[in-house]
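Undergrad: First the structure, then my questions, so here it is.
Read-outs throughout are calculated quantities, based only on the coordinates presented, and are distinct from any laboratory measurement. Just so it is clear, the model here is predicted, and its values are computed rather than measured. Here the Cβ is made from the backbone with ideal geometry for all residues, glycine too, and neighbour counts use every protein chain on show.
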Amino acid sequence: MVNPLPDRYLDIQLRFASTIAQRSEADLGDTVLWFTNFARRFGIGKPPMAATRPEWHHYAETLTGLGSPAEQLEWTIEFARDRPTNRAATSSTDVRAGPFSAEVTDAVVRCHFVSTDADDLSPLHPTKRARRKAELVAVFDQVRAAHPEATRVRGVSWLYNTSTYRSLFPPEHIATATRRADLHGFQGSSSWGQFLDHRGEVKHDRADVFVRRLAELDPDRPWLAFPTPTLEVDSPLSNFGPAWRNEAPSG
């Protein structure tokens, strides 16, 4: 299968994990597992389950045995090219409508967004706002029908910084947004997605900023290296009621 992951997308993640390994005296294989989305994007699975898979052992052991960053990147590109990669590192989902999906665990709805549009416009282009709102409403209709036990909605994404994405959700939900500041949230696209456009191509200006910030990276607060913070939102499902459902999305 042709690898859909741009070389530079792999490179900036590898640099991030390598910097953390060097400054915390950690094993590179471990930091690549926990501080990149490689395991999921390579179709191996989430940590720590991926750590038990022979495919990951092969990748990580070979990586750590190489002598230079250039060789490590070359190996990562080669390994990725032969993997059944996914376009985005998302969780398994219960319901889906357009680019939105959701899973329900312990009465909590967790929302995800992955572009499915085939045209050349961003999935969050203003001309698509009404369609996106209808799809999000459809997701919550499905959630209520399939999971009457659900009580809360949580989301984690850099997209909550963008006005178009925020406008699709209830204001009360968006008002809860806080910056995610932990060491366990780098295995998906909630942070790394900001470096790719809707075509899956690298946003080089943003990647340049990120690489420059690695010079000052604090391994205890690595999230500060990202140009756009990852935000968490969490509010009652009741916020996604008739008032929100019938309200046209604002700009």
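Undergrad: Asp7 to Thr127: FRET efficiency via 1/(1 + (r/R0)^6), r the Cβ-Cβ distance, R0 30 Å, to the nearest 0.05? It would help to have the intermediate numbers written out before the result.
TA: Numbers: r = 32 Å, r/R0 = 1.07.
Plugging the Cβ-Cβ distance into 1/(1 + (r/R0)^6) gives 0.40.
Undergrad: Which of the aspartates and glutamates could be linked to Lys46 by a straight reach, that is with a Cα gap under 14 Å, when you skip same-chain ones fewer than 8 residues away?
TA: Hits, sequence-local ones excluded: Asp30, Glu55.
Undergrad: Between 0 and 90 degrees, rounded to the nearest ten: what's the tilt of helix 129-146 against the longest Cα principal axis of the chain?
TA: Taking Cα atoms only, the helix is inclined about 90 degrees.
Undergrad: Related question: Between Ala181 and Asp141, what length comes free when the chain is fully extended (0.36 nm per residue of separation minus the Cα-Cα distance, one decimal in nm)? Could the numbers behind the result be given before it?
TA: Details: separation 40, 0.36 × 40 = 14.40 nm, distance 3.16 nm.
Computed gain between Ala181 and Asp141 is 11.2 nm.
Undergrad: Another question, if that's okay. Run the reach check for Lys133 against aspartates and glutamates, Cα to Cα strictly under 13 Å, same-chain hits fewer than 8 apart removed. What comes back?
TA: The reachable aspartates and glutamates, counting only those whose Cα sits under 13 Å from Lys133, are Asp141, Glu247.
Undergrad: Right, another one. Of Pro123, Leu214, Ser190, whose Cα points farthest to the positive end of the dipole of the chain (charges on the beta-carbon: +1 Lys, Arg; -1 Asp, Glu; origin at the Cα centre)?
TA: Of the listed residues, the answer is Pro123.
Undergrad: Sequence gap at least 6, Cα distance under 8 Å: using those rules, report the relative contact order of the chain to the nearest whole percent.
TA: 23
Undergrad: Please give me, ordered by residue number, the GluC sites (Glu not before Pro) of region 125-222 that lie in loop per DSSP and have at most 16 other Cβ atoms within 10 Å.
TA: For GluC sites (Glu not before Pro) across region 125-222 that sit outside H, G, I, E and B with at most 16 neighbouring Cβ atoms in 10 Å, the list reads Glu149, Glu201.
Undergrad: Karplus couplings for region 6-15 from phi (6.51 cos²θ - 1.76 cosθ + 1.60, θ = phi - 60°), rounded to Hz, Gly and Pro as x?
TA: Per residue, the Karplus-derived 3J(HN,Hα) values read x, 4, 5, 4, 5, 5, 5, 6, 5, 4 Hz.
Undergrad: Can you list residues from other chains, or at least 5 along the same chain, whose modelled amide H is less than 5 Å from the amide H of Asp94?
TA: Answer set, sorted by chain and number: Ala102, Glu103, Val104.
Undergrad: Further, regarding this structure: What's the long-distance tail for the chain, i.e. % of Cα pairs beyond 24 Å? Display every interim value, and only then the final one.
TA: Values: 15296 of 31375 pairs.
Everything past 24 Å amounts to 49 percent.
Undergrad: Helix 69-81 sits at what angle to the longest principal axis of the chain, using alpha carbons and giving 0 to 90 degrees rounded to 10?
TA: That helix lies at roughly 50 degrees to the long axis.
Undergrad: For Asp205, Asp218, what's the fewest-to-most ordering of other Cβ within 10 Å of each Cβ?
TA: Asp205, Asp218
Undergrad: Per residue of region 197-206, what does 6.51 cos²θ - 1.76 cosθ + 1.60 with θ = phi - 60° give for ³J(HN,Hα)? Whole Hz please, x for Gly and Pro, Karplus curve as stated.
TA: Once rounded to whole Hz, the list reads 8, 5, 8, x, 9, 5, 8, 5, 4, 5.
Undergrad: Evaluate the distance, in nm, between pseudo-label points positioned 7 Å from the Cα of Leu66 and of Leu214 along their respective Cα→Cβ axes.
TA: Here the answer is 1.3 nm between the modelled labels.
Undergrad: Under unit Cβ charges (Lys, Arg +1; Asp, Glu -1), what dipole magnitude, rounded to 20 debye, does the chain have relative to its Cα centre? Write down the numbers at each step before the final one.
TA: Details: 30 positive and 32 negative charges, 162 e Å.
So the magnitude is around 780 debye.
Undergrad: Relative to the Cα centre, what is the charge dipole magnitude of region 98-151, using +1 at the beta carbon of each Lys and Arg, -1 at the beta carbon of each Asp and Glu, and rounding to the nearest 20 debye? Provide the component values of the computation, followed by the final result.
TA: On the way: 7 positive and 8 negative charges, 52 e Å.
Magnitude of the dipole: close to 240 debye.
Undergrad: Neighbouring Cβ atoms within 10 Å as the yardstick, rank Val109, Val95 fewest first. Present the calculation step by step, with values, prior to reporting the outcome.
TA: Numbers: Val109 23, Val95 20.
Least to most surrounded, the residues fall as Val95, Val109.
Undergrad: Ok, one more. Could you size up the charge dipole of region 1-123 around its Cα centre, putting +1 on the beta carbon of Lys and Arg and -1 on that of Asp and Glu, and report it in debye to the nearest 20?
TA: Values: 12 positive and 17 negative charges, 42 e Å.
Its charge dipole is roughly 200 debye.
Undergrad: When the label point is put 7 Å from the Cα of Glu201 along its Cα-to-beta-carbon vector, which residues of region 114-156 have a backbone N closer than 13 Å?
TA: Answer for this model: 120-122.
Undergrad: What's the extension gain from Val108 to Asn246 if we count 0.36 nm per residue and subtract their Cα-Cα distance? Present the calculation step by step, with values, prior to reporting the outcome.
TA: Numbers: separation 138, 0.36 × 138 = 49.68 nm, distance 2.31 nm.
The Val108-Asn246 span can extend by a further 47.4 nm.
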